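Engineer: Can you read through this structure? Questions will come right after.
The values are calculated or read from the model by the stated rules, or taken from the named source; none is laboratory data. None of these values were measured; they are calculated from a predicted model. When we count neighbours, we look across all protein chains shown, and the Cβ atoms used for this are built from the backbone with ideal geometry, even at glycine. Heavy atoms of the whole protein, side chains included, go into the accessibility calculation; ligands, DNA and RNA do not. Shrake-Rupley method; radii C 1.70, N 1.55, O 1.52, S 1.80 Å.
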Amino acid sequence: MAHQFELGFLGAGNMAEGIVAAVVATKLYPPERLIVADPLPARREFFQRQFGVPATGDNRRVTAECRRIVLAVKPQGFNEAAEAIRDLVRGEQLLISIMAGITTRRIAAAFPGTTPRIVRVMPNLAIKVGAGIAGLCPGEQATERDVAETRAIFDAGGATVVLSDESLMDALTAVSGSGPAYFYAFVEAMAAGGVSCGLNQADALRLAEYACLGAARMMIETGEPPAELRRKVTSKGGTTFAALEHMERAGVPEAIHDAVRAACQRGQELGREG
């Protein structure tokens, strides 16, 4: 069956925006071959104005007219969204879920009239600037082509990894899906510390931002483990040593470790809700 659109989105929130931005910027699909659905007129108008992408308030239209459908609704709203489109989902369509905590098995069970092909993805918002990382896990009916097509969408905004064990998706979400927020909090704290030492807010924030950007690029481009890079910038008895020693005494490493576990646990809880 011919489809009017290559890729449709049920939900036009921040993550859908990031994916569309990457796909349009890399010319993976032309804007007129994408469509987004959202109940908020302001979001529909934004996508039309910013990207030239058609927008609608009708999830059923997107489901009926798209070859690939990104399920970008909030996890708590999945049951209601699925019920509204249940009779329109067909086996030749690819469902790409970016909902935290919702398993491919649960998605498949929501469409009992067919055997949907599902790829579950957890991206992060850095896809907006071409530096995102997305973890993918194929459902039972997904083909190698489905995985390749999904990777192409998310590679447009960064990089992807494929997991063979879906039970690891909550752990991946806790590290990379939620991870940028941890760094934003860390940068806020670094900048505040700089201000307390006499820097103005703008300079402190700029210094903290580039310290994190440079550190991340060093890890990715050199391939050296973070422990080794940390050792190279830490002289015993020096300023970095003093800062890291204070973090250790304050329990910062343990707090970050436990925060990741809390995010993972919340992902598991979301999968059981509804």
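Engineer: What does the extension gain come out to for residue 220 and residue 56, with contour length at 0.36 nm per residue minus their alpha carbon separation? Can you show the working numbers first?
Structural biologist: Values: separation 164, 0.36 × 164 = 59.04 nm, distance 3.95 nm.
So the extension gain works out to 55.1 nm.
Engineer: Compute the orientation-averaged projected area for the chain from the convex hull of its Cα atoms and round it to one decimal in nm². Intermediate values should be presented prior to the final figure.
Structural biologist: Numbers: hull surface 65.3 nm².
Average of the hull's projected areas for the chain equals 16.3 nm².
Engineer: A further question on this structure: What's the magnitude of the charge dipole for the stretch 13-115 around its Cα centre, counting Lys and Arg as +1 and Asp and Glu as -1 at the beta-carbon? Answer in Debye, nearest 20. Let's see the in-between values first.
Structural biologist: Values: 14 positive and 10 negative charges, 42 e Å.
Charge dipole of the stretch 13-115: 200 debye, to the nearest 20.
Engineer: If you don't mind, another one. Where does each of 245, 149 land when they are ordered by accessible area, with a 1.4 Å probe and the largest first? It would help to have the intermediate numbers written out before the result.
Structural biologist: Values: 245 85, 149 25 Å².
Putting 245, 149 in descending order of accessible area: 245, 149.
Engineer: Which FRET efficiency value, to the nearest 0.05, is calculated for residue 255 and residue 40 with the Förster distance at 35 angstrom and r the Cβ-Cβ distance? Walk me through the intermediate numbers first.
Structural biologist: On the way: r = 36 Å, r/R0 = 1.04.
E(calc), rounded to 0.05, equals 0.45.
Engineer: Report ³J(HN,Hα) in whole Hz for each residue of the stretch 99-106, in order, from the Karplus equation J = 6.51 cos²θ - 1.76 cosθ + 1.60 where θ = phi - 60°; Gly and Pro get x.
Structural biologist: 7, 5, x, 9, 6, 5, 5, 5
Engineer: Does the stretch 161-274 classify as rounded, prolate or oblate by the C-alpha gyration tensor (a ≥ b ≥ c root eigenvalues; a/c under 1.5 gives rounded; else a/b over b/c gives prolate, otherwise oblate)? Present the calculation step by step, with values, prior to reporting the outcome.
Structural biologist: Numbers: a/c = 2.00, a/b = 1.68, b/c = 1.20.
The shape class here is prolate.
Engineer: By a straight-distance test (C-alpha under 14 Å), which aspartates and glutamates pair with residue 236 as possible cross-link partners, with residues fewer than eight away in the same chain excluded?
Structural biologist: 245
Engineer: How charged is the neighbourhood of residue 92? Take every other residue with its Cβ under 14 Å from the Cβ of residue 92, and add Lys/Arg as +1 and Asp/Glu as -1. Numbers along the way, then the final one.
Structural biologist: On the way: positive: 67, 68, 90, 117, 145; negative: 6, 65, 146, 149.
Result for the neighbourhood of residue 92: +1.
Engineer: From the phi of every residue in the stretch 6-18, what ³J(HN,Hα) in whole Hz does the Karplus formula 6.51 cos²θ - 1.76 cosθ + 1.60 yield, where θ is phi - 60° and glycine or proline is x?
Structural biologist: Going residue by residue, I get 7, 8, x, 10, 9, x, 10, x, 4, 6, 4, 4, x Hz, with x marking Gly and Pro.
Engineer: Please label the shape of the stretch 1-65 as rounded, prolate or oblate, based on the square roots a ≥ b ≥ c of the eigenvalues of the alpha-carbon gyration tensor (a/c under 1.5 means rounded; beyond that, a/b larger than b/c means prolate, else oblate). It would help to have the intermediate numbers written out before the result.
Structural biologist: On the way: a/c = 1.74, a/b = 1.02, b/c = 1.71.
Oblate, since a/c reaches 1.5 and b/c is not below a/b.
Engineer: Now a separate question. Over the stretch 41-180, one equal point on each Cα, no solvent: what is log10 I(q)/I(0) by the Debye formula at q = 0.18, 0.21 Å⁻¹?
Structural biologist: Computed log10 I(q)/I(0) values: -1.11, -1.44.
Engineer: Would you calculate, for the chain, the mean residue ellipticity at 222 nm contributed by helices, counting each DSSP H stretch of 4 or more residues as -39,500 (n - 2.57) and dividing by all residues, to the nearest 500?
Structural biologist: Numbers: 12 runs with 140 residues, N = 274.
Per the formula, -15500 deg cm²/dmol.
Engineer: Turning to a different aspect of this structure: Looking at 14, 77, 36, which one has the Cα that reaches farthest to the positive end of the dipole of the chain (charges on Cβ: Lys, Arg +1; Asp, Glu -1)?
Structural biologist: Among 14, 77, 36, the one farthest towards the positive end of the dipole of the chain is 36.
Engineer: What ³J(HN,Hα) values, in whole Hz, does the Karplus curve 6.51 cos²θ - 1.76 cosθ + 1.60 give for the stretch 201-206 when θ = phi - 60°, with x put for Gly and Pro?
Structural biologist: 4, 4, 5, 4, 5, 4
Engineer: Mind checking the log10 I(q)/I(0) for the stretch 195-243 at q = 0.25 Å⁻¹? Debye, one equal scatterer per Cα, no solvent, two decimals.
Structural biologist: -0.98
Engineer: Quick check: at a probe of 1.4 Å, how many percent of the accessible area of the chain sits on carbon and sulfur atoms? Each step should come with its number before you reach the end.
Structural biologist: On the way: 8480 of 14630 Å².
After summing per-atom areas, the C and S share lands at 58 percent.
Engineer: Taking Cα pairs under 8 Å and at least six residues apart, what relative contact order does the chain come out at, in percent?
Structural biologist: Numbers: 441 pairs, mean separation 42.0, N = 274.
Reported as a whole number, the value is 15 percent.
Engineer: By a straight-distance test (C-alpha under 18 Å), which lysines pair with residue 128 as possible cross-link partners, with residues fewer than eight away in the same chain excluded?
Structural biologist: 27
Engineer: While we're on this one: Once the piece of chain linking residue 268 and residue 246 is laid out straight, how much longer is it, given 0.36 nm per residue of separation minus the C-alpha distance between them? Each step should come with its number before you reach the end.
Structural biologist: Values: separation 22, 0.36 × 22 = 7.92 nm, distance 3.33 nm.
The residue 268-residue 246 span can extend by a further 4.6 nm.
Engineer: With charges only on Cβ, +1 for K and R and -1 for D and E, what is the dipole size of the chain about its Cα centre, in debye, rounded to 20? Before the final figure, lay out the partial values.
Structural biologist: On the way: 29 positive and 31 negative charges, 51 e Å.
Charge dipole of the chain: 240 debye, to the nearest 20.
Engineer: Something else: Test of the criteria: in the stretch 223-256, which trypsin sites (Lys or Arg not before Pro) are in a DSSP loop and have at most 12 other Cβ atoms within 10 angstrom of their Cβ?
Structural biologist: Qualifying residues, ordered by number: 236.
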